[in-house]
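First comes the structure, then the notes that go with it.
What follows is calculated from the coordinates using simple rules that are stated; it is not laboratory data. Treat the numbers as computed from the prediction; the structure is a model and nothing was measured.
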Amino acid sequence: MSYAVAVDGTRLYLEEAGEGTAIVFVHEFAGNHSAWEPQLNFFARRHRCVTFAARGYPPSDIPDDVAAYSQDVAVSDILAVMDHLRIDRAHVVGLSMGGFATLHLGLKAPERALSLTIAGVGYGAEKQHEDHFRSVSLEVARSFETLGARVFAETYASGASRVQLQNKDPRGWRALVDRLATHSDRGAANTMRGVQARRPSLYDLEAEIAAMTVPALIVVGDEDDHCLQPGLFLKKSLPAAGLAILPKTGHTLNLEEPELFNALLREFIAMVEARRWLPRDPRARSGEVMKSS
């Protein structure tokens, strides 16, 4: 088993496969390092692929103190994994909680990112739902503590943006539930309280996001309602961003539509490496309906 060591001494379990330009995959709250298996199987044929378990997720360490969990710490942990593997720059791919960490890495350490794939990002970002999201996050944390992951996993995985996976791929959905059931009760609760409930809204970071020039691909499912508007916001705010909206798709993009997700990511990385994924042409003014003179 291979581990990187974070700044505070927390050990982070990691796996890697393949050779070539590095891709680092950052998992969502309901997943873990193994949730990226459809991507590792595909991209390890031509890239050095890395996936790791976030702090609080076995077999990584599970700090007891909620203060050891935050959005900034999540970024620091990605960099710790890259430093351990002596990866100077990588394509960073994140889903949901991992997508937020990926975006924040681009804000805090853009020199370490060849590109950013920001998938399923938006929960808690909408200003009108900010307080509700934090309240629900704290309720979820309590459920992990009182019921435990084994009992609560199926309830959490039956949310409005996850039933799409259940309907399309019942076996894949059951695998998601089984992974979630292995989560640490304490680690899940601390992650909910320290990362999810406390991260800043995307809309409060508009100036910083608009100044970031790292090539970015934003991916959203069209039935992942609370990520659609934030996805459009990121498309309009990030200078070198493209937006892909997957039809009849919920939150767990990489598992629900692995072939489509892989194809989009493959083309994006190829365009970036060919230096053809450019900032938006200034002539493409959003306020212009048609050219009249």
Prolate/oblate/rounded label for the stretch 46-143 (Cα gyration tensor, a/c 1.5): oblate
Amide H within-cut-off set for HIS47, under 5 Å, with H built and near neighbours excluded: GLU19
Prolate/oblate/rounded label for the stretch 2-273 (Cα gyration tensor, a/c 1.5): rounded
Kirkwood Rh and Cα Rg combined as Rg/Rh, the stretch 129-172: 1.06
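Restricting to the chain, compute how many DSSP beta bridges are antiparallel as a %, nearest 5.
Values: 8 of 32 bridges.
Roughly 25 percent of the beta bridges in the chain run antiparallel, per DSSP.
Do the alpha carbons of any pairs in LYS127/LYS168; LYS168/LYS235; LYS127/LYS236; LYS236/LYS291 sit beyond 26 Å of each other, and which pairs? Spell out each step's value before the answer.
Details: LYS127/LYS168 32 Å; LYS168/LYS235 28 Å; LYS127/LYS236 17 Å; LYS236/LYS291 21 Å.
Over 26 Å Cα-Cα: LYS127/LYS168; LYS168/LYS235.
Classify the stretch 143-293 from the C-alpha gyration tensor, please: rounded if a/c falls under 1.5, else prolate or oblate depending on whether a/b exceeds b/c. Show your work: numbers first, answer last.
Values: a/c = 2.37, a/b = 1.80, b/c = 1.32.
Cα axes put the stretch 143-293 in the prolate bin.
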